[in-house]
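The next block holds one structure in the form of structure tokens; read it before the comments.
The values are calculated or read from the model by the stated rules, or taken from the named source; none is laboratory data. These figures come from a predicted structure and were not determined experimentally. Neighbour counts run over all protein chains shown; Cβ positions are idealised from the backbone, glycine included. To get the accessible areas, we keep the full protein, side chains included, count just its heavy atoms, and leave off ligands, DNA and RNA. Shrake-Rupley method; radii C 1.70, N 1.55, O 1.52, S 1.80 Å.
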Amino acid sequence: MASSDKLEKAFILFDKANEQDPNKEIFEGKEYAKEVLYAIRMTEKLNSFAPNASEVLQLTARCQHICRWEIARDSYEMNRTGYLTWRQDLKKFHAKKAGELLESIGYDQETIDNVAFLLEKKQLKKNEETQTLEDVICLVFLEYYFESFAQKYSEEKLIDILQKTWRKMSKEGQEAALKLPLSANSLTLVGKALQG
């Protein structure tokens, strides 16, 4: 769905940066740097969920986790405050990193600022593009990451996480989530979360 040569160049730069990720993941028999695979999934999900997404939104989806491993979760206190501080710092870090790469291939300041705005999740529920990005993030999480995530936590905690995820999504996002190819276990948890 890429709409310009510059967009293609940006995707290549984002993926090249993410290839440095020391964390690996095997998917369909092929090894990927974890954040490269995540970026590809974000692009694919955006293309199916919002096929007419703007160039800014396409850029943002591709660099949503850019170089995330550079700021480790365990370098912050392992509590709610530590988690929230880590998330805020990550947003700023992703925006700065993406901005530098976009500037290097000639994107204007307005585009760079708009990508930063979306990466920092500003005006969720009010800004249509921020909301679409959040929907795509939630859909990718549910489809590809929830199953392994679910093995680490209690049912009570998982239901709470699913309810929070659901609240972040638009009605369209929620409808798309119900059509995902989830496992029987995940579907049961989603059902319980929605009844709660």
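Of note:
- Candidate lysines - alpha carbon under 16 Å from K122, same-chain residues fewer than 8 apart omitted: K91, K92, K96, K168
- Charge tally in the Cβ shell below 12 Å around T85, where Lys, Arg are +1 and Asp, Glu are -1, T85 excluded: +3
- Cα-based convex hull volume of the chain per residue, rounded to whole Å³: 131
- Coarse-grained scattering of segment 127-195 at q = 0.22 Å⁻¹, given as base-10 log I(q)/I(0) from a Debye sum over alpha-carbon atoms: -0.92
- Of I137, I71, I26, the one that fluctuates the most in a GNM where the chain has Cα springs shorter than 10 Å: I26
- For the chain, calculated [θ]222 nm from helices alone, where every DSSP H run of n ≥ 4 adds -39500 (n - 2.57): -20000 deg cm²/dmol
- Three-way shape label, segment 47-88, alpha-carbon gyration tensor, a/c 1.5: prolate
- Between 0 and 90°, nearest 10: helix 5-18 axis offset from the chain longest Cα axis: 60
- Each residue of segment 159-171 is assigned a 3J(HN,Hα), and the resulting list reads 5, 4, 5, 5, 5, 5, 4, 4, 5, 6, 8, 7, 4 Hz, derived from the Karplus form 6.51 cos²θ - 1.76 cosθ + 1.60 (θ = phi - 60°), x at Gly and Pro.
- Gyration tensor (alpha-carbon) shape descriptor, segment 54-143, a/c threshold 1.5: oblate
- Heavy-atom accessible area per residue - segment 1-151, 1.4 Å, Å²: 52
- Considering only L84, L139, L102, the Gaussian network model of the chain with Cα springs below 10 Å gives its largest mean-square fluctuation to L84.
- With at most 13 other Cβ atoms within 10 Å, longest stretch of the chain clear of loop trypsin sites (Lys or Arg not before Pro) (DSSP): 1-121
- Computed over protein heavy atoms with a 1.4 Å probe, the carbon and sulfur contribution to the accessible area of segment 1-120 reaches 49%.
- Relative pair counts by distance (%), Cα atoms of segment 1-100, 10 Å bins: 15, 42, 33, 9, 0
- Under 15 Å from the Cα of K164 - aspartates and glutamates, other chains or at least 8 residues apart: E134, D135, E155, E156
- Helix 109-119 and the longest principal axis of the Cα set of the chain meet at an angle near 10°.
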